[in-house]
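Values in this text are rule-based calculations from the coordinates and carry no lab data. Keep in mind that this is a model prediction, so the values were computed, not measured. Here the Cβ positions follow ideal geometry from the backbone for every residue, glycine too, while neighbour counts run over all protein chains shown.
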Amino acid sequence: DAGVIQSPRHEVTEMGQEVTLRCKPISGHDYLFWYRQTMMRGLELLIYFNNNVPIDDSGMPEDRFSAKMPNASFSTLKIQPSEPRDSAVYFCASSPWQGGDEQFFGPGTRLTVL
Amino acid sequence: RKEVEQDPGPFNVPEGATVAFNCTYSNSASQSFFWYRQDCRKEPKLLMSVYSSGNEDGRFTAQLNRASQYISLLIRDSKLSDSATYLCVATDSSYKLIFGSGTRLLVRP
């Protein structure tokens, strides 16, 4: 079975450019999560969706970040404009339900903003 | 103060050693607890859930002390393949996962 799929795996861009990260969750999972991991702050939840609806975006750092889930099999995280401090690994994860169940992580997108 | 705190390590142990990791969480409303494992440059993967009664999975034992808000992971007879970062996780009051910064384990031959 395919796990969570993320693309691109690596992204190098220049400050000010728009960056779009993509995620395909595991089929049948109702919850989708976007995380960011850095050495300084560890793994942080940015936003999560339930049945394609954003439930909690309190972790989104600022208005430059936006996320969408147009259907059950696709989500995007967009950064516009990007800044060097956005450099991190961005993980997408999915889960059958929120409370107490295992979250399955994708391989991550390693973003470098120059 | 971070919601979930762990000793970052690294713990450098020989093969066959027993190693213990500790973790504390600050939110008394936390209901669920986990240990995740993350290999270098890979995604986190669930190692085991942590139950109030304690639970064991082969060489791994996890324990929870709600009164002290303390979680532990014991690895017996450590293998080279156990080298990884171990992430302690607690849920917040809305069941979002809150990750610790991780404890790095290096098992040497």
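Before moving on, here are some points about what is shown:
- A:Phe49 sits among other residues whose Cβ lies under 11 Å from its own Cβ, and their net charge, with Lys and Arg +1 and Asp and Glu -1, is -2.
- Computed over chain A, Cα set: Rg, Dmax in Å: 13.2, 39
- Between A:Leu32, A:Leu43, A:Leu77, the residue with the greatest mean-square fluctuation in the GNM of chain A (Cα pairs under 10 Å linked by springs) is A:Leu43.
- Amide hydrogen neighbours beyond the local backbone of A:Ser87, cut-off 5 Å, H modeled: A:Val113
- Total formal charge among the other residues, if their Cβ is under 12 angstrom from that of A:Gln37, Lys/Arg +1 and Asp/Glu -1: +3
- Along each principal axis, taking the top coordinate minus the bottom one, the Cα set of chain B gives 42, 29, 21 Å in descending order.
- Count Lys and Arg as plus one, Asp and Glu as minus one, and take only other residues whose Cβ is under 13 Å from that of B:Pro10; the net charge is then 0.
- Evaluated at q = 0.14, 0.20, 0.28 Å⁻¹, a Debye calculation over the C-alpha positions of the range B:53-109 (equal weights, vacuum) places log10 I(q)/I(0) at -0.48, -0.89, -1.24.
- Here is the tail figure for the protein assembly as shown: Cα pairs spaced more than 21 Å apart come to 55 percent of all pairs.
- For A:Lys24, the lysines whose Cα comes closer than 17 Å to its Cα, not counting residues fewer than 8 places off in the same chain, are A:Lys68, A:Lys78.
- Averaged over peptide B:94-103, the number of partner chain Cβ atoms lying within 10 Å of each residue's Cβ comes to 5.
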